[in-house]
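Only the coordinates and a few stated rules stand behind these numbers; no lab work does. None of these values were measured; they are calculated from a predicted model. Ideal geometry is used to build each Cβ from the backbone, glycine not excepted, and the neighbour counts take in all protein chains shown.
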Amino acid sequence: MSNLEKLEKALRGKVPDKVADQMIEKLKPYVTELEAYDQLVSFLENDYNSVLSELIANRDDQLRRRTLVRTLFAAVEGTVFAVKRKTLVEHNMGSCELSPAEYIALAEESYDLRENGRLRTSRKFIGLRANIRFAFSIYADKVGKIPFRLNVNDPGWTDFLQAIDIRNRLMHPKSLEDLDVSDSELDRVLSAARWFNNQVDQLMTAVKTAIKQSVNKQFQQTLIAHAKKLIEKHSTPLKVKKFPVTIYQDEQGWYVVECPVIPGCMSQGETEAQALQNIQEAIQLCLEVRQEQGMPLTIQSREVEVPIYD
């Protein structure tokens, strides 16, 4: 079941269908973006596992060793990027607050001014050592409302740091020897991968558990407030007011109906019943627009006596 399906299941029956539809439509872009980052991480993990399976079958193959290192850090960089982006999405959804500095760091952007006084935005490179610590801790803090720190006392962290150096050497070789991955280096890379995967699992499990045990109150309040607003706007009014309408058939046989106390409010239908139903919706819409613009909801109408011949 996708996240959108889970969201729809959670809303149906708890709020009116029209409200649920609008809430789902409002949240759909955010949920879709979150799913896209999950898919990215899953794809990169599958790549690493595929290369690892090939390496196990031929451990001495230097090409597969180099490919394993590169694939591992593609997965690491992609996962760190996804974690930071998911935090931004949660912020944009209204489920957490970020300071300007936190937002800029998550977006990996920097700002300065051009000589003409215009603002210039550029990408900010953040080293992986600092980036992974920041990404994991802020995701746990903002999304899960829990503290989380990487286990840097584990030997796997030391292996991870050395694996970064191995990756950098392979990506910027200065000699043929730089392209060789020794047995001990391979062991460190495999240890680094196990450590990183374990840290990711711990982070995601801790955040999901925290959210499940105590749903993010701020986000819940935002949803409730939004639902109430939509309910007030779209649910059946508690007070029913009658409006005068006029109705006639045009040359094509359609029934045209107008509300004379609301300027420009008119509708039509193939049948009289359909026309009357349509004018009800038109009246509600016109009243909302006039209210938003600070205009009187209706104009005054008067009856006058006119002598006529029988």
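Taking a threshold of 32 Å on the Cα-Cα distance, which of the pairs 86/174; 28/212; 212/239 fall above it?
Too far apart for the 32 Å limit: 86/174; 212/239.
Once you put a point 7 Å from the Cα of residue 284 and another 7 Å from the Cα of residue 130, both along the Cβ direction, what distance in nm separates them?
Modelled inter-label distance: 5.5 nm.
With a sphere of radius 14 Å drawn around the Cβ of residue 174, what net charge do the other residues whose Cβ falls strictly inside it have (Lys, Arg +1; Asp, Glu -1)?
-3
Which of the aspartates and glutamates could be linked to residue 242 by a straight reach, that is with a Cα gap under 18 Å, when you skip same-chain ones fewer than 8 residues away?
Here the aspartates and glutamates satisfying the reach criterion relative to residue 242 are 258, 272, 281, 288, 303.
Quick check on the range 116-218: take the gyration tensor over C-alpha atoms, sort the square-rooted eigenvalues as a ≥ b ≥ c, and tell me if it's rounded (a/c under 1.5), prolate or oblate.
oblate
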